[in-house]
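Reviewing the structure listed below.
The values are calculated or read from the model by the stated rules, or taken from the named source; none is laboratory data. Just so it is clear, the structure is predicted and the values come from calculations on it, not from any experiment. Methodologically, a virtual Cβ is constructed for each residue, glycine included, from the backbone with ideal geometry; neighbour enumeration extends over all protein chains shown.
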């Protein structure tokens, strides 16, 4: 099966989504991972700190994003030479559907203070197994053969798409984010991270809806390398809400964390 080469194709006014953005609930609607990455791309391009590091990304999902043309507008809410706050808003048909608030910082590699004596160094990646010892996985619940689950190669160190409960997975991109340019490690991370609640689901998707209304990602360093991963857990409350949290990592160790708030109801 030949897959599209990118999640989005640029147009004169914005971008057009490919079939690789299709989510599990409706073949006409996107998974939130690809538009999250696209918003981060635009926020970085709008920022005024050359080579800056994006350290926190807060997404509000205002409505489902259709598979089709989208546009993104950006605003630098707090300019600065050392830190800046950038907002990016995705809309389709004139309606805002996802909003990103991103803090970015100036980077430096020299003159940094050392950790206090006795503080342990960052541990290796938290996954139970590395990429080579993890099992390939395919999601059985997507309605379309070509959809979001094919945008990444998946290797599960524990758990899996089709088994409920916590899961740890490695991923590698099978496509680029935007046609004609390479996908960056941060873009790859954001395409992947919204799936944390999917790989760690504790409810049967055929009988329950558990859609996240937000995504928050905090990073203490940039991701690097071909393979990135997440170790995710979902906790179900007793009032129709759930919370998913994940440790994000690459082959060198942990890089940050993500959280998602989920709205839960019977189908």
Evaluation of residue 231 against (1) surrounded by fewer than 24 Cβ atoms within 10 Å (Cβ to Cβ); (2) more than 18 Å from residue 31 (Cα to Cα); (3) at pLDDT 95 or above (one fails), failing number | (1)
Here are some residues: 104, 71. Which one is touching a strand residue (DSSP E or B) at 6+ places or on another chain (Cβ under 6 Å), surrounded by fewer than 19 Cβ atoms within 10 Å (Cβ to Cβ) and not in a loop (DSSP other than H, G, I, E, B)?
-> 71
Report those strands (runs of 3 or more DSSP E) wholly inside region 156-267 carrying at least 2 residues which are closer than 26 Å to residue 15 by Cα and in contact (Cβ under 8 Å) with a residue 12 or more places away in the chain.
-> 163-173, 176-178, 208-212, 214-219
Enumeration of residues in region 130-155 that are within 17 Å of residue 33 (Cα to Cα) and either modelled with pLDDT of 95 or more or not in a loop (DSSP other than H, G, I, E, B) (or both) = 148, 149, 150, 151, 152, 153, 154
Please verify whether region 28-41 includes one or more residues that are surrounded by fewer than 19 Cβ atoms within 10 Å (Cβ to Cβ) and over 18 Å from the mean Cα position of the chain (by Cα).
-> yes
So which residues in region 56-68 are assigned to a strand (DSSP E or B) and within 12 Å of residue 92 (Cβ to Cβ)?
-> 66
Quickly run through region 46-64 and pick out the residues that are within 15 Å of the chain's Cα centre (by Cα) and buried (at least 17 other Cβ atoms within 10 Å of the Cβ).
-> 54, 55, 57, 59, 61
Could you tell me whether any residue of region 31-50 is touching a residue at least 40 places away in the same chain (Cβ under 8 Å), within 26 Å of residue 106 (Cα to Cα) and not in a helix (DSSP H, G or I)?
-> yes
Scan region 5-21 and give yes if some residue there is touching a strand residue (DSSP E or B) at 6+ places or on another chain (Cβ under 7 Å), in a strand (DSSP E or B), modelled with pLDDT of 95 or more and closer than 25 Å to residue 209 by Cβ, otherwise no.
-> yes
Within the bounds of region 90-100, is there any residue that is more than 25 Å from residue 210 (Cβ to Cβ), part of a loop (DSSP other than H, G, I, E, B) and free of Cβ contacts under 8 Å to residues at least 60 places away in the same chain?
-> yes
